[in-house]
Amino acid sequence: MNSIQKKILLLTTIVLIIMSVIWIALTYYNHKTQQQYNGILQRYLKLNEVTSSSQNVITDLNNYMINPSEENMSKLNQSKKRMEEAKQGVVTLRNVENNFTLTNYVHLIDSFIETTNRLLLFLSENDSEAAAQEFSEVTSISTYISEMALSLVDTELKTYDRFYRGIIKQSGEVMKLGIFLLLLIMCVLFLVTYWFSLTITRPIIKLTQAANELSKGRFDLQVKVETKDEIAFLARTFDRMRKNINMLILEIKHKAQLEHELQQSKILLQESQFKSLQSQISPHFLFNTLNTISKKAYLEGSEETSDLLVSVAGILRYNLKQLDRSVTLREEIMVLKQYMDIQKARFTDRLRFFMEIDECCLDWKIPSLTLQPIIENAVIHAVEPNEDGGTIWTRVIDEKDTVLIEIEDDGIGISKDKIKQLLTEDLQPVENKSKGIGIGFSNVIKRLRLFYGDEDVITIKSEIGSGTKVIIQIKK
């Protein structure tokens, strides 16, 4: 498989090789030209070294004649030695154009050295007059050496004038060649890069088009990419994903149909349960009768009995509502208070009931007949069996993302197994059938989960001997 990584490495290698070849060629040319320049410069420096050395000899010789000390003699010998070395350097500059002039120049240097040696000899013999004549001769020869050095430099300039012009012309040609090669390489790299990009972008474009069609719901278009790299593997994987998504959508549609049918069955079942409970007595007749008795009790001065009958009538009227109707939390709390008024009249001081209500939460929707069955369950299992009665707390708390409804009692508690059975809906509805009140704890759990579409909407926290807390979480 020719992977994209291999293609990129190949392109990078080609570019590096081309750039390296150009760099090596330019470096070689510059080095060669620099060597030629250095060679010419060394010729000029060698000629100048002879002139400089001769002048140093004259200076050191004059110092020695004034003060014939060992130090001055040592400096003079060093100057003579440098003069000899400069002479050897000049000999290497011989060519066809300067052969005659350079031969005379070397002889002149030899004469300078011989005259200097004779001057030293006369000084050692204390022949001052002869030494003065030789010093004058040495000075003249040094002047001739300087003039002849200038003549040789002029000859060198004439000799290498053609060379300079050749280098300038060659530099221009190399610059033109470099520009041409640069343009050629740019064109080649552009074509290679364009071809390389097409080998990557064409399959990606096909894959993008297929993804766009897939987003529009076209699951019948096959994805084909005729390459042998990772994009082809991605295309085959995408095609398999397309088939799997198509199958999954068909499966989801089938499941949704089944879920809808099951949902309808649950609603019908719950409606039938509620209607069955409503049909146990004549609700409208009983409601009208209770209102009549309440008014009669009020007229006779039994205000407490009248209030109690009003609460019973309110609960009955609330129970006559359709099961699938949602109500506000305010309505649920109101009917809950009426229910607890009835229970307080029954249990008197044995029932202690406390409410903590956050008013800003009372407009949230909740299924009707939700809180009463839970409170009823707490009264049956936490207050009624206990000789000293019990305490029930109801709290409505506003949190950041949820509204919490907590109903807590200090009864005997519920075992973990029974809590699990309640939450998994394995038990029959827990209700006080002898009183004919409420639609059952398990049915409340089912209706809450159905209404909010959340399995975790209700939580039960309890331990044997430590009471029970039921928590309903309404997500905002």
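The values are calculated or read from the model by the stated rules, or taken from the named source; none is laboratory data. This is a predicted model, so every value here is computed, not measured. When we count neighbours, we look across all protein chains shown, and the Cβ atoms used for this are built from the backbone with ideal geometry, even at glycine. Note: areas computed on protein heavy atoms with side chains; ligands, DNA, RNA excluded. Shrake-Rupley method; radii C 1.70, N 1.55, O 1.52, S 1.80 Å.
Structure notes:
- Hey, residue 61 open to solvent by less than 70 Å² (accessible area, probe 1.4 Å) and more than 60 Å from the chain's Cα centre (by Cα) or not: yes
- Condition broken by residue 369, with the remaining ones in (1) aliphatic (A, V, I, L, M); (2) part of a loop (DSSP other than H, G, I, E, B); (3) within 17 Å of residue 461 (Cα to Cα) satisfied: (3)
- When the test is whether a residue is part of a helix (DSSP H, G or I), without any contact (Cβ under 8 Å) to a residue 24 or more places away in the chain, over 30 Å from residue 192 (Cα atoms) and among the acidic types (Asp, Glu), residue 71 passes it.
- Flag for residue 54 being under 30 Å from residue 180 (Cβ atoms), out of contact with any strand residue (DSSP E or B) (no Cβ under 7 Å at 6 or more places or on another chain) and polar (S, T, N, Q): no
- Any hit, the range 90-97, residues being surrounded by 13 or more Cβ atoms within 10 Å (Cβ to Cβ), under 14 Å from residue 145 (Cβ atoms) and either touching a His at 6+ places or on another chain (Cβ under 8 Å) or modelled with pLDDT of 85 or more (or both): no
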